[in-house]
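Step one of this worksheet: look at the structure below.
The values are calculated or read from the model by the stated rules, or taken from the named source; none is laboratory data. Keep in mind the model is a prediction, meaning the values are calculated, not measured. Neighbour counts run over all protein chains shown; Cβ positions are idealised from the backbone, glycine included. Protein only, heavy atoms only, side chains kept; ligands, DNA and RNA dropped before computing areas. Shrake-Rupley method; radii C 1.70, N 1.55, O 1.52, S 1.80 Å.
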Amino acid sequence: MTALPGISDIHAAAARLSGLIVETPLIESPELNKRYGGRILFKPETLQRTGSFKIRGAYNKLSCLSEEERSRGVVAFSSGNHAQGVAASAAMFGVRAVIAMPADAPALKVGNVRKMGAEVVPFDRFKDDRMTIVRPYIENGMALVPPFDDPAIIAGQGTIGLELVRQVKALGVSLDAVVVPCGGGGLSSGISVAVKDASAQTQIWAVEPEHFDDTRRSLAKGERVSNRPGHASICDAILTAEPGAITFEINRKNLAGAIAVSDKATAQAMRDAMACLKLVVEPGGCVALAALATGEIDLAGKCVAVVLSGGNVDFGTYAEIMAAAA
């Protein structure tokens, strides 16, 4: 097992990212506070550079490569947000980036990756093996930037947790829980390390799409399990086959649990984010807000942080969700 990232790694990542990323604010809605009977603080990574949290981990990973490694270029696979984080980071370092992206990835995300100067290699997410697609580039000397199961990636995402701890302290409140979208587990594991270091009693909840609840089922079984094939979801950003080995090792120790939410609940959460917070949030980025309505988290009289992890959604998809009846 690769050494697990710790709080010192997250502080080091924060130093590398200082001045390069947005320290996203905490915002709240009186309407949502009243609805859920607690104080809900939203961390909108939708406002982050590239429109999601992913640049944190991607830039930190590239920073940890040697100049010689970076000079050979980097390669990654992603449905869109990690792709944009890698593309932006590679452009900042002035190195080549090749990104394997599913052929059905949102056009907005694909277009943004190309605008940043990266090369896009399409693949079939249901038939093709992602490592098979990127292996020739790795064999030619390019460095792989994984989407989640890597200590430097996890440490970069953990900088959100450092910000949360600092921001709630400035507000004079303590966090009862943090609710985080979960795909492979990089975001939830990184945040959990940072928050638990400062506040061991704070609960960390991961949230996944229905039928893609590999972390929830893995926690229940005590070992990593894969998602069953044959399902689809609007939450393209967080559809992973199974938890990462490193991320699961952290999450099994730090998470209070994981929650699965339906596409219908996610769509309603997107409408709530627009109506109450005036924020455009993509489906995968809004599942943590959707989880509040499940009743699985104790919200009454509590102070809870909700991470809105990304806002990169195609205009047509967003318009359809907004127009649909609640």
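So the values come out like this:
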read-out	value
Flag if A100 is within 23 Å of G190 (Cα to Cα) and aliphatic (A, V, I, L, M)	no
In region 100-134, residue farthest from A83 (Cα to Cα) [restricted to those that are out of contact with any Leu (no Cβ under 9 Å at 6 or more places or on another chain) and of a type in the set (K, R)]	K127
Qualifying position, being open to solvent by less than 30 Å² (accessible area, probe 1.4 Å) and modelled with pLDDT of 95 or more, among G85, G37	G85
Tabulated pairs, region 113-142, first small (G, A, S), second open to solvent by 80 Å² or more (accessible area, probe 1.4 Å), C-beta under 6 angstrom, 6+ apart or interchain	G141/R72
Contacts under 8 angstrom Cβ, first residue in region 261-276 being more than 17 Å from A319 (Cβ to Cβ), partner β-branched (V, I, T) and buried (at least 24 other Cβ atoms within 10 Å of the Cβ), 6 or more apart	V261/V207; V261/V287
Counted residues, region 139-149 - those being surrounded by 23 or more Cβ atoms within 10 Å (Cβ to Cβ) and of a type in the set (D, E, K, R)	0
Close pairs from region 63-74: first farther than 13 Å from G94 by Cα, partner among the aliphatic types (A, V, I, L, M) and open to solvent by less than 50 Å² (accessible area, probe 1.4 Å), Cβ under 6 Å, at least 6 apart	C64/A152; L65/A143
Matching residues, region 279-315, being farther than 22 Å from N112 by Cβ, assigned to a helix (DSSP H, G or I) and either of a type in the set (A, V, I, L, M) or within 20 Å of the chain's Cα centre (by Cα) (or both)	A288, L289, A290, A291, L292, A293
In region 1-34, the residues that are of a type in the set (D, E), touching a residue at least 60 places away in the same chain (Cβ under 8 Å) and surrounded by fewer than 19 Cβ atoms within 10 Å (Cβ to Cβ)	E23, E31
